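Enquirer: My questions will all concern the structure given below.
Every read-out reported here was derived from the displayed coordinates using simple, explicitly stated rules and does not represent laboratory data. Here the structure is a predicted model, which is why all the values come from computation and not from measurement. FYI the Cβ positions are ideal-geometry reconstructions off the backbone, even for glycines, and counts take in every protein chain you see.
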Amino acid sequence: MKDLTVARLMAPPQEVFRRLSKAYPFEPYGLGNPARVLLSCILSARTKDEITYPTADTLFAEYRTLEQLCTARPQDLESLLKPVGFYRVKAQHVREAACHLLRFGVPKTTEQLIEVPGIGPKCAAIVRAFGWGLPDIAVDTHVYRISKRLGWTSHSDDPLDTQQKLKLLFPLHQWQPLNHLIVSLGRDTCKPQKPACAPCVLNQVCPYPNKP
Ligand code: SF4
């Protein structure tokens, strides 16, 4: 009886993790290469993975070192990054970030990572988790929205509160893939305006009250 009450308020984290892991196999980009993870994260803002990763591959094939990226001509970078959204500002950030990394190395702490041009808290967590293999959870718009729908956070929580609550809900070894799993769900079915609850793999365990 107690379990049913809890299930109505909050989707059981381990059951969610199990279902999402099965539905969305995990293939992180640039794993173990902090500079590559960081620069590709700059490209990824508001851009689909299918566009981001091939563009990142082309970028790293053309510019093989941070020195080359740091001294790249802006118009050459812009032209190469055209497939991703906001390519002009991203080209500038990529160049400035490469110069920063060249000078200081790739940081490991969130505080130092967010000083790199183009890097915010979400990319900082991505670099820590996938570049350095440190336990961290990246909270982006999908993770923020879906954590509320699953009853893991409340409406007054901000992204930092969300990150802290998720860290309490999941064991350390599950932190790294969590962002990928929830982002995949957000792109696939649990969309911002109209979640597609009928085919969703979490339908039976999700407490979201406004299921269409
Ligand atoms: S799509 Fe619907 S059932 Fe699935 S997680 Fe989102 S709100 Fe819950």
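Enquirer: Find the helices (runs of 4 or more DSSP H) located wholly in the range 1-112 whose residues include 2 or more that are without any contact (Cβ under 8 Å) to a residue 12 or more places away in the chain and not aromatic (Phe, Trp, Tyr), and list them.
Expert: In the range 1-112, the matching helices (runs of 4 or more DSSP H) lie at 2-9, 13-23, 49-62, 74-80, 87-104.
Enquirer: It is to be established whether one or more residues within the range 124-135 are in contact with a helix residue (DSSP H, G or I) (Cβ under 6 Å, 6 or more places away or on another chain), closer than 23 Å to GLN92 by Cα and of a type in the set (Gly, Ala, Ser).
Expert: Yes, there is a match, as at least one residue in the range 124-135 is in contact with a helix residue (DSSP H, G or I) (Cβ under 6 Å, 6 or more places away or on another chain), closer than 23 Å to GLN92 by Cα and of a type in the set (Gly, Ala, Ser).
Enquirer: Looking at the range 110-159, which of the residues that are among the β-branched types (Val, Ile, Thr) and within 16 Å of the ligand (Cβ to nearest atom) is surrounded by the fewest Cβ atoms within 10 Å (Cβ to Cβ)?
Expert: The residue in question is THR141.
Enquirer: Please verify whether ASN179 is within 8 Å of the ligand (Cβ to nearest atom) and at negative phi, treating the condition exactly as stated.
Expert: Spelling it out, it is not the case that ASN179 is within 8 Å of the ligand (Cβ to nearest atom) and at negative phi.
Enquirer: Taking the criterion of being in contact with an Asp or Glu (Cβ under 8 Å, 6 or more places away or on another chain), more than 9 Å from the ligand (Cβ to nearest atom) and under 24 Å from PRO135 (Cα atoms), would at least one residue in the range 164-171 satisfy it?
Expert: yes
Enquirer: Could you tell me whether any residue of the range 183-204 is without any contact (Cβ under 8 Å) to a residue 40 or more places away in the chain, within 18 Å of the chain's Cα centre (by Cα), on the phi < 0 side of the Ramachandran plot and away from the ligand (no atom under 16 Å from the Cβ)? First the steps, then the outcome.
Expert: Within the range 183-204, the subset without any contact (Cβ under 8 Å) to a residue 40 or more places away in the chain is 189, 191, 193-194, 196-200, 203-204.
Now narrow it down to the ones that are within 18 Å of the chain's Cα centre (by Cα): 189, 191.
Those left that are additionally on the phi < 0 side of the Ramachandran plot: 189, 191.
In the following step, the residues that additionally are away from the ligand (no atom under 16 Å from the Cβ) were identified as none.
Scanning the range 183-204, I find no residue that is without any contact (Cβ under 8 Å) to a residue 40 or more places away in the chain, within 18 Å of the chain's Cα centre (by Cα), on the phi < 0 side of the Ramachandran plot and away from the ligand (no atom under 16 Å from the Cβ), so the answer is no.
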